[in-house]
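The values are calculated or read from the model by the stated rules, or taken from the named source; none is laboratory data. Every value quoted in this text rests on a predicted model; they were computed, and no experiment measured them. Methodologically, a virtual Cβ is constructed for each residue, glycine included, from the backbone with ideal geometry; neighbour enumeration extends over all protein chains shown.
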Amino acid sequence: MRNSRLDTPNLPSEHHEHAHSPTFAAVLSSAYVHLAEGLFEEAERLVVPYRAWPMSLTQRLRQLYILAASAQSRHDYTQAIALYEEAFSLCSVLEARAEFAQLSLLCAEAYHNLQQFAHAAFVASQGLSAWLDLAPDGDPRGAALEIDLRDRYSVELFLLGRYQESLKQCYRAHTLASALPAAKSTALRVAGLDWTIAMLHRWRGNTKLALQHILAASAIYEKFGSADEFARLRIVIADIALDTLAPPGTGLVHHYREDIVQLARDHINQALGAITHDPAAQCMALLAQTRLHRMLSLMNQNRITHLESIGQIAEQLHDLPLLAQVYTALGDEFGAMGRAEIESQLNCYRRAIGVVEASQAPAYSVWPRRGLLRYQEFQMDAEEAL
């Protein structure tokens, strides 16, 4: 069965476990009331005084879960991971696979927020394997955890550049989510997976499928999602639309379609108007806007300076994937200026790749690598023509 002991503060069957503490059982019952209300610090406040208190292993596991969840809620991801690792050791002793899977999802999210995507992928895969080793019980909550684990694993695989494997996990999660009972949360879960699938198709160069999935997600997020989520999704729509005219990694517009330009312009403007407290999202919207302006030959004198200012914000945020996209955009900008700036263009692509290599997100090196490859192909064609 897939029942997790972390879902309840106390079970009668545990009362005979070695070192079971009735005192701490009462504390856990109160702490879980706070957890249900999302009051992580209040739950932590209750269990912290009992850190060295004698208790059963199952009670200790719940204590670690509360402490880690509270640390994660205040963005202390390093502390949260240390607590999750301690909890994993207990899961091994207790042979608690369901609990291990549940904690793995949270730990993978913590690693992701530290931009340690390889660790996040490993932990998510371990949690998914543990979960799949258990016999299914038909509980929709069990399906929800499998969906979340596959979703998390697929995102990390995408960032690591393992697109085919990521798509496989994402489509499986999409199938499972689509079978859940109809509800707002189900619709958003499916739409979130459509969003990831769109990103994967975009990175693989299939803009038609990418646009199909992101527009499907858009209809749901517009109705049920938060304003910040929908603003970020609008940026992705604009980027995919612009890909059909000029993919990143080139400063040249392949062709022009007024309907595509208008689609991108509308979503960029709407996103910029909605973003308030998300500087990374604002930078992404400004990158898309600058890209659109380059295609329309607007802001000719200011785009380089504008992009450099976005790069400064990315550095302040320590957001290496964002910084790599800024350097790629700068390379594209120099590419649009013609042969006189080709060395600057190539240097920007090289710097983008260098930034990505310092991170754990090789996916973001795809565009600058394609830019360098296009130049190499151009050089080969030129030599053959001589």
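The set of residues in segment 6-16 being in contact with a helix residue (DSSP H, G or I) (Cβ under 6 Å, 6 or more places away or on another chain) and either of a type outside the set (S, T, N, Q) or loosely packed, with under 12 Cβ neighbours inside 10 Å (or both) consists of Leu6, Pro9, Glu14.
Among the residues of segment 61-89, those that are buried (at least 19 other Cβ atoms within 10 Å of the Cβ) and aliphatic (A, V, I, L, M) comprise Leu61, Leu64, Ile66, Leu67, Ala68, Ala69, Ala71, Ala80, Ile81, Leu83, Ala87. Residues in segment 1-16 that are among the aliphatic types (A, V, I, L, M) and part of a helix (DSSP H, G or I): Leu6 alone. Applying the criterion of being over 16 Å from Ala68 (Cβ atoms) and touching a Gly at 6+ places or on another chain (Cβ under 9 Å) to the residues of segment 102-144, the residue that is modelled with the lowest pLDDT is Pro136. In this structure, Ala19 does satisfy being in the same structural domain as Ser70 (by TED's automatic domain parsing) and part of a loop (DSSP other than H, G, I, E, B). In segment 23-60, of all residues being in a helix (DSSP H, G or I) and among the polar types (S, T, N, Q), the one that is surrounded by the fewest Cβ atoms within 10 Å (Cβ to Cβ) corresponds to Thr23.
Report yes if some residue within segment 340-350 is among the acidic types (Asp, Glu), touching a helix residue (DSSP H, G or I) at 6+ places or on another chain (Cβ under 7 Å) and modelled with pLDDT of 95 or more; otherwise report no. Within segment 340-350 (the criterion being among the acidic types (Asp, Glu), touching a helix residue (DSSP H, G or I) at 6+ places or on another chain (Cβ under 7 Å) and modelled with pLDDT of 95 or more), the answer is no, since none of the residues qualifies.
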